[in-house]
Amino acid sequence: MADNRRWWALVVIALAQLMVVLDMTIVNIALPSAQADLNMSDANRQWVITAYTLAFGGLLLLGGRISDLAGRKTTFMIGLLGFAGASALGGAATGQGMLFGARALQGVFAALLAPAALSLLATTFTEPKERAKAFGVFGAIVGAGAAIGLLAGGLLTEYLDWRWCLYVNVPIALVAFAGAWAILAPGGRHPDAHLDVPGALLGSGGMLALVYGFSEAASRGWDDGLVVTLLVAGVVLLAAFGVWQARARVPLLPMSVIKDRQRVGAFLTVLFVTVGMFGVFLFLTYYLQGVLGWSPLKTGLAYLPMTAAMIVGSTQIAARLLSRVPPRTLIVPGLLVAAGGLAIIAQVGVEPAYVSHVLPGMLMLGLGMSTAMMTSISLATGSVAPRDSGAASATFNTAQQVGGSIGTALLNTIAASATATYLTAHAGPGVDKRLLQAEATVHGFNVATWWAFGALLLAALIAGVVVNAERAPTPQGAGERTPEPVDTLG
């Protein structure tokens, strides 16, 4: 396997993953313009975001197993073409229904693409030092993707049109498709892999119910009948899924994937990290635009220092130390630094506080989170059997999606409740209503950010207790010489 081909493969894989990750935030800044253009109601506008995350999070386990069945390169390329087509459809939307459908279709193909990308990376780089470098780059992409999406959304919305926040995926996907065609070796399906249909129905149904329930909780409230029904149904279906997986001949999620202590620690860590992080990105965006009155472009630029910190954390700290020190000595300090950044951000007021609070908080957040996330990715996909690489990758992505959905719903609900309580407590004659509303909004953001701080501390505790490996795991098959290794590069 030629060195230059491996690293070019990393470029292709990282480009595809960047597209998937940034698409979760790039539309956020464009949403007000899209809402006005397509005459969406306030109640319906959330579906531009929810339709994507619902399909993506709900179908990830199925997408991971399909990549094991059909071959990772084939699944990867189908995902790229489908994502490009769905993006073009969304950009050309003439009504809200067409846009919602296109976003859901994007989520379907992202559920194919993301597990295939991560499993391709895991099976391509098996030598420990190279693997650390490759996962450092990939971790930086995963961590910085959300911030890059906000910057790109601001640029495209301000200088072109909101539709370009979707159209931009087409050239990215086509470039990645051409690179995959030219660089990645064919890589066949695993002969002993089969599609577990009952498991697919139970797992996907449970995930869809949970993600949908958490998404609706933000607007309907946690005691709403639909929300309660969805969450209960999701738990029941996933419990049935777990029982079935223990009995199935070829399970959708092999028990070996979740019986490994290190992988379980990585999955739980990522789950709670994203619970804390997704809501905070949203709050910071609203704070900068809604409270400080910044433009979409200026808001996007404000995230650049955090993006730079994420790249440093992944490529200069975690990648250099991963093969030398126990993983938890990277994850736990990284999460504590990130939590410290949230503690600083949680103290902002209505007056401009970017330099004094937001900037140092962002730098600590980016540095610590990327160090922890990159190490967790390596733990989650290392030492797994090649035939189950797609399932392990899908489980990691699922932990991210579920954590993001829970975090957005939970933190939004906490923020709204704290804001309402503040308004009630401070309302009165002679009070400047505009100033009071701003103070109440910031208070709500701060309360929710302290909850996010708690989520990161919990993630650090889990990593410190559960993850006990002396070194990052070496992938199965590393060092073995076979004439035609499956799913690697020629």
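The values are calculated or read from the model by the stated rules, or taken from the named source; none is laboratory data. Computed from a predicted structure; not experimentally measured. Positions of Cβ are backbone-derived with ideal geometry, glycine not excepted, and every protein chain shown enters the neighbour counts.
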So is Ala218 of a type in the set (A, V, I, L, M, F, W, C), at pLDDT below 85 and not assigned by TED's automatic domain parsing to the domain that holds Ala409 or not?
yes
List every residue pair whose Cβ atoms sit under 7 Å apart, with the two residues 6 or more apart in sequence or on different chains, where the first one lies in the stretch 103-132 and is closer than 18 Å to Leu184 by Cα and the second, anywhere, is buried (at least 24 other Cβ atoms within 10 Å of the Cβ) and basic (Lys, Arg).
Ala116/Arg72; Ser119/Arg72; Leu120/Arg72; Phe125/Arg131
If only one of Asp3, Asp37, Asp23 is farther than 30 Å from Leu231 by Cβ, modelled with pLDDT of 75 or more and of a type in the set (Asp, Glu), which one is it?
Asp37
Go through the stretch 206-222 residue by residue and tally those that are hydroxyl-bearing (Ser, Thr, Tyr) and crowded, with 22+ Cβ neighbours inside 10 Å.
2
So Gln289 clears everything in (1) closer than 30 Å to Arg434 by Cβ; (2) touching a Leu at 6+ places or on another chain (Cβ under 6 Å) except one condition, right? Which one?
(2)
Regarding Val442, is this residue more than 31 Å from the chain's Cα centre (by Cα) and among the β-branched types (Val, Ile, Thr)?
no
Selection count where residues are at pLDDT 65 or above and of a type in the set (Asp, Glu), scope the stretch 180-199
1
Out of all the residues in the stretch 368-390, which are surrounded by fewer than 24 Cβ atoms within 10 Å (Cβ to Cβ) and either assigned to a loop (DSSP other than H, G, I, E, B) or at pLDDT 85 or above (or both)?
Ser383, Ala385
Go through the stretch 217-249 and count every residue that is touching a residue at least 24 places away in the same chain (Cβ under 8 Å) and of a type in the set (D, E, K, R).
1
Hits in the stretch 84-140 - residues which are more than 17 Å from the chain's Cα centre (by Cα), buried (at least 24 other Cβ atoms within 10 Å of the Cβ) and over 23 Å from Ser376 (Cβ atoms)
Ala86, Ser87, Gly90, Leu99
From the list Ala372, Ala308, exactly one residue is assigned by TED's automatic domain parsing to the domain that holds Ala399 and either farther than 30 Å from Asp68 by Cβ or free of Cβ contacts under 8 Å to residues at least 24 places away in the same chain (or both). Which is it?
Ala308
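For the stretch 250-272, state whether one or more residues are in contact (Cβ under 8 Å) with a residue 40 or more places away in the chain and in contact with a His (Cβ under 9 Å, 6 or more places away or on another chain).
yes
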Of the numbered conditions (1) surrounded by fewer than 15 Cβ atoms within 10 Å (Cβ to Cβ); (2) modelled with pLDDT under 85, Val232 fails exactly one; give the number of that condition.
(2)
Say we look at the stretch 216-233 and pick out the residues that are within 20 Å of Thr419 (Cβ to Cβ) and small (Gly, Ala, Ser); which of these is farthest from the chain's Cα centre (by Cα)?
Gly221
